[in-house]
Amino acid sequence: MSFWFWRGLKKGVQTTRYPRTAEVAAGVTPGRPITTDFRSVEAAVLAAGVCPVGAITARGKSAHVDLRLCIHCERCHFDGVRPLGWQADYEWATVPQGKPRYEPLPQAYGRSLHIIVVDAGDCGACLHEVKQLNNPLYNIHRLGMFFTASPRTADVLLVVGPVTENMRVPLLKTYEAMPDPKRVVAVGTCAVSGGIFGQSFVSAGGVSSVLPVDLEIPGDPAPPLAVLHGLLVVTGRKAAIRHEAVLERSA
Amino acid sequence: MAVTPSSLRTSKRMKIDEIARTIRERFGSTLLVSHGDGGVTLSIALVEPPILPTISRFLFWDAVCTFGGIIVEQLQDNWRLSYLFLSPGSGWIEVLLEVPSSTPAVPSISADVHAADWHEREAEDLFGLHFEGHPRLGDFILHDQIWPEGVAPHRKLHRKTMDAHRDRLRHRPNPDWRPLLVVQDPGAFAMPVGPVYEGGLGQSVHFLLETVGEDVVRAVPRLFYNFRAVEKIAEGEPVSHALLLAERFAATSSFAHSLAFCLAVERMCRVEVPARAKNLRILLGELERLRHHAGAIAGICESTALSVAASQVAIIEELLLRASCQFTGHRYLFGLNTPGGLHRDFTSEACTELLGAVDRAVSDLHRLERGLYFTSSFLDRLEDVGIVDPESARDLNFVGPVGRASGQAVDLRRDCPYEGYGAYHFEVPREIEGDGYARLRILFQEAYQSTELIHEAIKRLEPGSVSASCEPPAHGLALGWAEAPIGAALHWLRLDSSGLVKRYRIITASFNNWLGFRVAVEDFAFQDFPIILATFGLSATECDR
């Protein structure tokens, strides 16, 4: 067994410095399209027309991006005659539409947050990205966050996927089994707005139609650092972004 | 455990011409044999439906074909069922059967071809077809405690109508529903696991472990929690939208699925993809395989609680995800494939950078592999665990790495080459022990092979365009296939007169392999369960669709 012990030591510390300093390694996030100003109204309309899911709307001379709907097909960036700006950030946790602000969990949870995840029809990407948080490169244990096996000991519920008909009951049961205070976080575009699967006879089209959602982390999939940012927001260690601010913000 | 696949050698694999000739001689006027189109080499139209089980048995056992799946389609006034078989090395064979709408009863082939079991159950659940002679129909995709009886959502009804009836379709969960228990013994009890387990980091699957004391007699997986009706919601949509669905329903092999979809559309349009795009597609497909296998190996290490190795392989996987993102702009290779080629080109500097990252990852993987093979406590947990012997693997038609670890060396890249794989030379790895250790060895071998293929694909890159114009035609049908990291992926598509999707069928490796999973989980010790699950590396969401 000493072999693995030495191998582990020799590898050294690989963990990101985030949230102390920003993580700048290439490839940690696919980035996102941002609200972009064009020279003419026509150009903005052209730019918005490329989006297959209506996440881009033309308002005057600018094309506004609603990240809640974006499925990262990147057509607006690479295919469009009028490409949109692209920003490689990852702090995307947003207060849901119509809510004034996010109320963080009390300070006692700051360094002891227990997380349960429910795969409610996920394609595997968001779930996989959440799982990466246990990886030494992200290692959320150092921040006092733990995945827990039982909803009875969980403080925060991460939901991935658009909530399928067959997963509706298991999701509700998990939520009801959690003690108060608790927070629900929708992770990924599918969980936030239904994404490409939308609302159909088998899909609820997002967690908010089944449960009260406290925080939304868009992205298809939401990269590990975006999820980590969301978890820091849950306990008030980082600030959430207001929904309107996401729409207005531009490069 | 030494296994000699004796019964597998009794029949010789037949080439397609020989199959066609034998079928004409043996079955004569009961069927019509012709050249298939849309990717199918041989088409056998049955005149008399009762002959279906006999012909299926002949193709699967005597001609040694593998079973692809069943494609059900509702036409104007009849049902069209297409049974796909692959004759490795010579192409796809379809057996066509038409059944009148008034009496939707089809003879079941499950008794002859066990691998067809779930396909028939699926068609019964979603289309309301009745398969005569099938021992267990119902409660499959539409869970009985949620969905009322008699709902057949994939029938020809506009999707919007289905959505409007959403609330009527759903009835209140039935608290009295109980699963079917088989083991009857004093002291026997059933242990339910899932669909939310491991803190939710496992996929949504429910397992019913029927136990007597410490030993689990059998484990029954209950799937389809992630059923999103991808085939149905693609109907009536343009091809560009269906592509987004193909790419996003199973992210662990999204590139392979979008590729299989694009190949179907390209076949329909008779478009030749530029050579550069073909090589780049091979490069990206192999990159996905390498990343997936690294993840699967990390999962196996984790299931045996060898945490240092698990962490280090997980680092390799994350670095490959980052390299993919740096190269293509997306960590899971979304948004690259398009009918006719690729959305964008890559510079040679980017390719060199990718090669560097891949080589670093693989040399790390190599060092870890040697460490693992010298860790006896790790190997003890894998050896003789979750055994699928070659005969069962053949019987239940295992595909992908799991099949190859049990002697079923079928690989679409070699046995039915697509996208220029025919020009690449590689051996398909094969093991016959069929235990957890054999599956681990296969994953390592394939990961190294993928690296070599990435190198070769980059060497073969020539300047040129990466996409050809490809307008989806009105009317048309075609089959596309690709070897996804988990195994064969088939996408079948029919377009209507305005070029919109009329019927879309996805057959995945996970759907095939979950059916056979039960063979590996019979009479085992409870603590081995996570290990067996990890060495299978199956995706629930890919199975559920």
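When B:Ile506 is tested against (1) farther than 27 Å from B:Arg155 by Cβ; (2) at pLDDT 85 or above, exactly one condition is not met: (1).
Kindly provide the set of residues from the range A:85-100 that are part of a loop (DSSP other than H, G, I, E, B) and modelled with pLDDT of 85 or more, ordered by number. It would help to see each step written out before you state the result.
Quick first cut of the range A:85-100, residues part of a loop (DSSP other than H, G, I, E, B) only: A:88-93, A:95-100.
Selection gives A:Ala88, A:Asp89, A:Tyr90, A:Glu91, A:Trp92, A:Ala93, A:Val95, A:Pro96.
Every test in (1) free of Cβ contacts under 8 Å to residues at least 60 places away in the same chain; (2) at the interface with another protein chain (Cβ under 9 Å from one of its Cβ atoms); (3) of a type outside the set (Val, Ile, Thr); (4) surrounded by fewer than 23 Cβ atoms within 10 Å (Cβ to Cβ) is passed by B:Arg331 save one, and that test is (4). For the range B:167-198, the candidate set comprises residues that are touching a Phe, Trp or Tyr at 6+ places or on another chain (Cβ under 7 Å) and at pLDDT 65 or above; within that set, the residue that is nearest to the other protein chains (Cβ to nearest Cβ) is B:Pro195.
In the range A:148-183, what residues are buried (at least 24 other Cβ atoms within 10 Å of the Cβ) and aliphatic (A, V, I, L, M)? Selection gives A:Ala154, A:Val156, A:Leu157, A:Leu158, A:Val159, A:Val160, A:Val163, A:Met167, A:Leu171.
Residue-wise test of (1) outside the structural domain of B:Leu320 (by TED's automatic domain parsing); (2) at pLDDT 90 or above; (3) in contact with a Phe, Trp or Tyr (Cβ under 7 Å, 6 or more places away or on another chain).
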{"residue": "B:Ala438", "(1), (2), (3)": "no, yes, no"}
{"residue": "B:Arg441", "(1), (2), (3)": "no, yes, no"}
{"residue": "B:Pro463", "(1), (2), (3)": "no, no, no"}
{"residue": "B:Trp481", "(1), (2), (3)": "no, yes, yes"}
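With respect to (1) assigned to a loop (DSSP other than H, G, I, E, B); (2) out of contact with any helix residue (DSSP H, G or I) (no Cβ under 7 Å at 6 or more places or on another chain); (3) within 9 Å of chain B (Cβ to nearest Cβ), the lone exception for A:Glu103 is condition (3). When A:Val163 is tested against (1) on the phi < 0 side of the Ramachandran plot; (2) modelled with pLDDT of 90 or more, only condition (1) is not met.
To keep it simple, each residue is scored yes or no on (1) without any contact (Cβ under 8 Å) to a residue 40 or more places away in the chain; (2) surrounded by fewer than 17 Cβ atoms within 10 Å (Cβ to Cβ); (3) charged (D, E, K, R).
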| position | (1), (2), (3) |
| --- | --- |
| A:Val53 | no, no, no |
| A:Ala58 | yes, no, no |
| A:His77 | no, no, no |
| A:Val81 | yes, yes, no |
| A:Ala88 | no, yes, no |
| A:Trp92 | no, no, no |
| A:Pro96 | no, no, no |
| A:Pro100 | yes, yes, no |
| A:Leu105 | no, no, no |
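Restricting attention to the range B:461-504, the residues being farther than 25 Å from B:Phe398 by Cβ and outside any strand (DSSP E or B) number 18. Only residues that are at the interface with chain B (Cβ under 8 Å from one of its Cβ atoms), surrounded by 10 or more Cβ atoms within 10 Å (Cβ to Cβ) and part of a loop (DSSP other than H, G, I, E, B) were counted across the range A:1-33, and they come to 8.
Filter the range A:34-55 for residues that are aliphatic (A, V, I, L, M) and under 17 Å from B:Leu244 (Cβ atoms); which is nearest to the other protein chains (Cβ to nearest Cβ)? So that I can check it myself, show each step before the final result.
As a first pass, look at the range A:34-55 and keep what is aliphatic (A, V, I, L, M): A:34, A:41, A:43-48, A:50, A:53, A:55.
This time we only want the ones that are under 17 Å from B:Leu244 (Cβ atoms), so: A:50, A:53, A:55.
Working: A:Val50: 11, A:Val53: 8, A:Ala55: 12 Å.
Going through the qualifying residues, I end up with A:Val53.
Each residue in the range B:364-390 was checked for being surrounded by fewer than 17 Cβ atoms within 10 Å (Cβ to Cβ) and away from every other protein chain (no Cβ under 14 Å), and 2 pass. In the range B:211-240, of all residues being buried (at least 21 other Cβ atoms within 10 Å of the Cβ), closer than 17 Å to B:Leu515 by Cα and among the aliphatic types (A, V, I, L, M), the one that is nearest to the other protein chains (Cβ to nearest Cβ) corresponds to B:Leu223. Residues in the range B:83-110 that are within 15 Å of B:Glu122 (Cβ to Cβ), touching a residue at least 40 places away in the same chain (Cβ under 8 Å) and part of a strand (DSSP E or B): 2 in all.
May I ask you to say which residue of B:Arg276, B:Arg281, B:Arg289 is at pLDDT 90 or above, more than 25 Å from the chain's Cα centre (by Cα) and part of a helix (DSSP H, G or I)?
B:Arg276
The values are calculated or read from the model by the stated rules, or taken from the named source; none is laboratory data. Since this is a predicted model, take the numbers as computed values, not measurements. FYI the Cβ positions are ideal-geometry reconstructions off the backbone, even for glycines, and counts take in every protein chain you see.
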